[in-house]
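Visitor: Supplied in structure tokens, the structure appears directly below.
The values are calculated or read from the model by the stated rules, or taken from the named source; none is laboratory data. Given the structure is predicted, the values throughout are model-derived calculations rather than measurements. Every residue, glycine as well, gets a Cβ built from its backbone with ideal geometry; the counts of neighbours run over all protein chains shown.
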Amino acid sequence: MCDYCGCRQSEPFAELSREHSALASLGSELRGALRDGSEERARDLLCRIVEILGSHVRKEERGLFTRVVDENDIYEGIVEDLIGEHADLAHTIEHIAEADAGWAEAAVGLLEALDEHIFKEEWDLFPAALGILGFEDLEAIARVHAEEGTAMEDAAT
Ligand SMILES: [Fe+2]
Ligand SMILES: [Fe+2]
């Protein structure tokens, strides 16, 4: 992920990146649980992913995305695409809740879409945002993060 552009030295980028890492690692655990045939554990892991994703998406849309577009509307297209992907992820999650027979395939599809989405944010949006956001933007984003909180268990680290 993004260890080169300085994202991880700057809160609140670091908070979003920690959540990305947690989502990716829960995703690998979920894939492992499916390989082991442990669907119950896989379903628990999916619940954790959905929990973290909820406030994560709200923080991005209300905070980072809004500020990036306010600073430079050249990023409107990429931000709209990312918001569209948030909606697609939410739709897939709803579908998974109803799925029975194809549950495992639907969960793997969700993880693949989530991996691609996170890759775009970490490699396209975050480095660009770091270059255009000023101190006031970061303060405003931090306020949104404080309002939305995090579903991470180790939020203090
Ligand atoms: Fe996102
Ligand atoms: Fe994200």
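Visitor: Search the stretch 30-62 for residues being acidic (Asp, Glu) and over 16 Å from Ala106 (Cα atoms), and hand back the single one that is farthest from ligand 2 (Cβ to nearest atom).
Guide: So the residue we want is Asp36.
Visitor: If you check Ile118, Ile96, which single one turns out to be more than 21 Å from Ser21 (Cα to Cα) and either surrounded by 17 or more Cβ atoms within 10 Å (Cβ to Cβ) or at pLDDT below 95 (or both)?
Guide: Selected residue: Ile96, the only one of Ile118, Ile96 that is more than 21 Å from Ser21 (Cα to Cα) and either surrounded by 17 or more Cβ atoms within 10 Å (Cβ to Cβ) or at pLDDT below 95 (or both).
Visitor: Which one of Glu139, Glu153, Glu94 is assigned to a loop (DSSP other than H, G, I, E, B), more than 15 Å from ligand 1 (Cβ to nearest atom) and free of Cβ contacts under 8 Å to residues at least 40 places away in the same chain?
Guide: Glu153
Visitor: Could you tell me whether Gly131 is within 16 Å of ligand 1 (Cβ to nearest atom), more than 18 Å from the chain's Cα centre (by Cα) and of a type in the set (Gly, Ala, Ser)?
Guide: The answer is no for Gly131.
Visitor: I've got another one for you. Any chance you could count how many residues in the stretch 30-47 are among the small types (Gly, Ala, Ser) and under 23 Å from the mean Cα position of the chain (by Cα)?
Guide: 3
Visitor: Applying the selection to the stretch 66-78, what residues are of a type in the set (A, V, I, L, M, F, W, C) and over 11 Å from Ala129 (Cα atoms)? Break it down into steps so the answer makes sense when it comes.
Guide: As a first pass, look at the stretch 66-78 and keep what is of a type in the set (A, V, I, L, M, F, W, C): 68-69, 74, 78.
Hits for the stretch 66-78 are Ile74, Ile78.
Visitor: While we're looking at this one, here's another question. For Leu64, are the conditions met, namely being under 18 Å from Leu125 (Cα atoms), in contact with a His (Cβ under 9 Å, 6 or more places away or on another chain) and aliphatic (A, V, I, L, M)?
Guide: It is false that Leu64 is under 18 Å from Leu125 (Cα atoms), in contact with a His (Cβ under 9 Å, 6 or more places away or on another chain) and aliphatic (A, V, I, L, M).
Visitor: Mind telling me which of the residues Ala104, Ala87, Ala151, Ala113 ends up being more than 15 Å from the chain's Cα centre (by Cα) and not hydroxyl-bearing (Ser, Thr, Tyr)? Reasoning before the result, please.
Guide: Details: Ala87 fails: more than 15 Å from the chain's Cα centre (by Cα); Ala151 fails: more than 15 Å from the chain's Cα centre (by Cα); Ala113 fails: more than 15 Å from the chain's Cα centre (by Cα).
Answer to the selection: Ala104.
Okay, residues lined up against (1) surrounded by 13 or more Cβ atoms within 10 Å (Cβ to Cβ); (2) on the phi < 0 side of the Ramachandran plot; (3) free of Cβ contacts under 8 Å to residues at least 60 places away in the same chain; (4) outside any loop (DSSP other than H, G, I, E, B):
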position	(1), (2), (3), (4)
Ala33	yes, yes, yes, yes
Arg41	yes, yes, yes, yes
Lys59	yes, yes, no, yes
Val79	yes, yes, yes, yes
Ala87	no, yes, yes, yes
Asp100	no, yes, yes, no
Ala106	yes, yes, yes, yes
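Visitor: Against the definition (of a type in the set (Gly, Ala, Ser), more than 19 Å from Ile141 (Cβ to Cβ), within 13 Å of ligand 2 (Cβ to nearest atom) and in contact with an Asp or Glu (Cβ under 8 Å, 6 or more places away or on another chain)), how does Ala104 come out, yes or no?
Guide: no
Visitor: Can you name every residue in the stretch 52-68 that is within 11 Å of ligand 1 (Cβ to nearest atom) and within 12 Å of Glu15 (Cα to Cα)?
Guide: His56, Lys59, Glu60, Leu64
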